[in-house]
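Trainee: Below are the structure tokens for one structure; questions will follow.
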Amino acid sequence: MAGSAARWSGTSIAACSCGRRACRRRCTWRSRWPPRAACARARWDAVRLIAALRRDRYRVLGTTGADITVEALLAAHGQGRAIVDGLWSPLCVAALNTPVERASAQVFANVLRDSLGAARPASDLLLPAVDLTALFPDPAARHVEARGGSVHRGHRIARIEPAAGGRGWRLLFAQGRAEPAGPFDAIVLAVAPRALVDLTEGWPALRTMRAQVAALAYEPITSVYLQYPASVRLRHAMTGFADGPGQWVFDRGALAGQPGLLGVVISASTAQRAPGSDALAHAVHRQLCDLVPGLPLPEWTKVITEKQATFACTPGLARPGTLTEVPGIVLAGDHVASDYPATLEGAVRSGQLAAAALLARLPHG
Ligand SMILES: Cc1cc2nc3c(=O)[nH]c(=O)nc-3n(C[C@H](O)[C@H](O)[C@H](O)COP(=O)(O)OP(=O)(O)OC[C@H]3O[C@@H](n4cnc5c(N)ncnc54)[C@H](O)[C@@H]3O)c2cc1C
């Protein structure tokens, strides 16, 4: 197993890139923040915040008893500039895809509870060494099929309707299959928010849920790809920057067998997108020049922005629950009410809850 370290503005996190699907290795912080006094103050601030949150059982209540922004939480606990800029702000944007001034302090506290506040392995940094399809959905499909289930990919559901006699549900496909599928005893609606609104249009019992989902605001994520000569390699497979525009750079040569290709991620990227794609790619290239002395100009660049990448994780956000007003129909997805922001982990946990809820209600459950 070859170890590598991800640098975060002078702070190092040990990470790993090996041949496994995802590699787990302890993270260590090797702070090199100058000056020494600022570094000591920053560490003390971090310890104080985690201790205070732990004392309050990670329950955040502002003066009005309601959720507040991460910025307000940090101010209330007297967090200095060094720890805010060097740790809390990048961590908040990375985990919640929402900047500190708009992000929910309660959800951020939940993330801290289950990472820095939990046992040390909970903070391990895992770097996937295969693409996400091979990492999660393919094994999940094999798991279902090995137990007698079937998985149908590439079929968009256009409508859900009650089966004859009101016994279960049938699915009508948007294209390809004329006949509806079903009847099914129950349905987990695990589509993204906009599709959920469309699919449940005209269901009066789901009006409240639809209104909550339709009211979600979104934050963008921008990915910038820069292809350099194959000989260009980063010292570490993953490197974090505290100063923009790029936030994280991944060496796709080390991680995905694409030599010379660097992928740079910018979460909550509204401000960084403003100058336009070419200017952003150029600014990211200049940023990489500081990391790789003598870096040549890229052969090509590509900027991809997902404008509605995740919901904006704001204080006191109303999210729909797993159960709906319609028996036999439950919801799953990162947007469903939970402790977590819009993440893969939130989506997976929500799916498990939805499955458990259905199993408990079905006659054979
Ligand atoms: C650029 C980007 C980077 C991200 N990076 C990270 C990260 O590093 N870590 C992390 O944890 N999260 C990350 N996320 C967020 C993560 O992708 C989501 O939280 C997660 O995918 C949500 O899963 P989900 O199952 O709720 O929804 P989705 O992944 O959106 O799945 C919904 C599925 O429903 C399908 N669907 C929609 N309509 C229909 C229909 N009518 N019929 C049938 N199927 C339908 C869609 O095709 C889709 O496959 C990122 C998101 C983006 C956009």
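Trainee: Which of the residues that make up the range 301-334 are in a loop (DSSP other than H, G, I, E, B) and closer than 30 Å to Gly276 by Cβ?
Mentor: Residues satisfying the conditions are Ala312, Cys313, Thr314, Asp334.
Trainee: Give the range 312-339 a look and list any residue that's near the ligand (Cβ under 9 Å from one of its atoms) and touching a residue at least 60 places away in the same chain (Cβ under 8 Å), or say none. Before you say what the answer is, go through the steps one by one.
Mentor: From the range 312-339, those near the ligand (Cβ under 9 Å from one of its atoms) are 332-336; that's our starting set.
Answer for the range 312-339, where residues must be near the ligand (Cβ under 9 Å from one of its atoms) and touching a residue at least 60 places away in the same chain (Cβ under 8 Å): Ala332, Gly333, His335.
Trainee: If you don't mind, another one. Within the range 187-212, which residues are more than 12 Å from the ligand (Cβ to nearest atom) and either more than 24 Å from Gly166 (Cβ to Cβ) or buried (at least 17 other Cβ atoms within 10 Å of the Cβ) (or both)?
Mentor: Of everything in the range 187-212, those that are more than 12 Å from the ligand (Cβ to nearest atom) and either more than 24 Å from Gly166 (Cβ to Cβ) or buried (at least 17 other Cβ atoms within 10 Å of the Cβ) (or both) turn out to be Leu206, Met209, Arg210, Ala211, Gln212.
Trainee: Does Lys307 satisfy the criteria of being exposed (fewer than 15 other Cβ atoms within 10 Å of the Cβ), within 16 Å of the ligand (Cβ to nearest atom) and over 17 Å from the mean Cα position of the chain (by Cα)?
Mentor: Considered against the rule, which asks whether it is exposed (fewer than 15 other Cβ atoms within 10 Å of the Cβ), within 16 Å of the ligand (Cβ to nearest atom) and over 17 Å from the mean Cα position of the chain (by Cα), Lys307 comes out as no.
Trainee: Still on this model: Quick one: which residue in Arg55, Arg7 is at pLDDT 65 or above and farther than 30 Å from Pro139 by Cα?
Mentor: Result: Arg55 is the single residue among Arg55, Arg7 that is at pLDDT 65 or above and farther than 30 Å from Pro139 by Cα.
Trainee: Just give me the residues in the range 354-365 being within 14 Å of the ligand (Cβ to nearest atom) and either in contact with a Leu (Cβ under 9 Å, 6 or more places away or on another chain) or among the hydroxyl-bearing types (Ser, Thr, Tyr) (or both), in sequence order. I'd like the intermediate steps shown before the answer.
Mentor: First pass over the range 354-365, keeping only residues within 14 Å of the ligand (Cβ to nearest atom): 354-355.
Result: Ala354, single match.
Trainee: Do the conditions hold for Ala283, that is, is it out of contact with any Ser or Thr (no Cβ under 6 Å at 6 or more places or on another chain), assigned to a helix (DSSP H, G or I), free of Cβ contacts under 8 Å to residues at least 60 places away in the same chain and under 30 Å from Tyr58 (Cβ atoms)?
Mentor: When the stated conditions are applied, Ala283 does not pass them.
Trainee: Let me ask something else about it. Please enumerate the residues belonging to the range 344-353 that are surrounded by 15 or more Cβ atoms within 10 Å (Cβ to Cβ) and away from the ligand (no atom under 11 Å from the Cβ).
Mentor: Leu353 - this is the single residue of the range 344-353 that is surrounded by 15 or more Cβ atoms within 10 Å (Cβ to Cβ) and away from the ligand (no atom under 11 Å from the Cβ).
Trainee: Does Ala256 satisfy the criteria of being away from the ligand (no atom under 14 Å from the Cβ), more than 26 Å from Val130 (Cβ to Cβ) and touching a residue at least 60 places away in the same chain (Cβ under 8 Å)?
Mentor: no
Trainee: Sticking with this one: Looking only at the range 347-365, count how many residues are farther than 18 Å from Arg194 by Cβ and in a helix (DSSP H, G or I).
Mentor: Number satisfying all stated conditions: 13.
Trainee: Given the options Glu145, Glu179, Glu161, name the one that is within 18 Å of Val326 (Cα to Cα), among the charged types (D, E, K, R) and out of contact with any helix residue (DSSP H, G or I) (no Cβ under 9 Å at 6 or more places or on another chain).
Mentor: From the options Glu145, Glu179, Glu161, the qualifying one is Glu161.
Trainee: Taking the conditions exactly as written (of a type in the set (Val, Ile, Thr) and modelled with pLDDT of 95 or more), does Val326 satisfy them or not? Full working, then the answer.
Mentor: Details: of a type in the set (Val, Ile, Thr): yes; modelled with pLDDT of 95 or more: no.
So Val326 fails the test.
Trainee: Test Ser150 against the stated conditions and say whether it is free of Cβ contacts under 8 Å to residues at least 40 places away in the same chain, within 22 Å of Pro137 (Cα to Cα) and of a type outside the set (Phe, Trp, Tyr).
Mentor: Yes; evaluated as a whole, the condition is true for this residue.
Trainee: Being assigned to a loop (DSSP other than H, G, I, E, B), more than 14 Å from the ligand (Cβ to nearest atom) and crowded, with 17+ Cβ neighbours inside 10 Å is the filter here; which residues of the range 215-245 pass it?
Mentor: Tyr228, Val232, Leu234, His236, Ala237, Phe241, Pro245
Trainee: Out of the helices (runs of 4 or more DSSP H) lying entirely within the range 39-119, which hold 2 or more residues that are β-branched (Val, Ile, Thr) and under 24 Å from the mean Cα position of the chain (by Cα)?
Mentor: The qualifying helices (runs of 4 or more DSSP H) are 105-113.
Trainee: When you check Val130 against the structure, is it modelled with pLDDT of 90 or more and among the aliphatic types (A, V, I, L, M), yes or no?
Mentor: No; evaluated as a whole, the condition is false for this residue.
The values are calculated or read from the model by the stated rules, or taken from the named source; none is laboratory data. Values in this document were obtained by computation on a predicted structure and should not be read as measured data. When we count neighbours, we look across all protein chains shown, and the Cβ atoms used for this are built from the backbone with ideal geometry, even at glycine.
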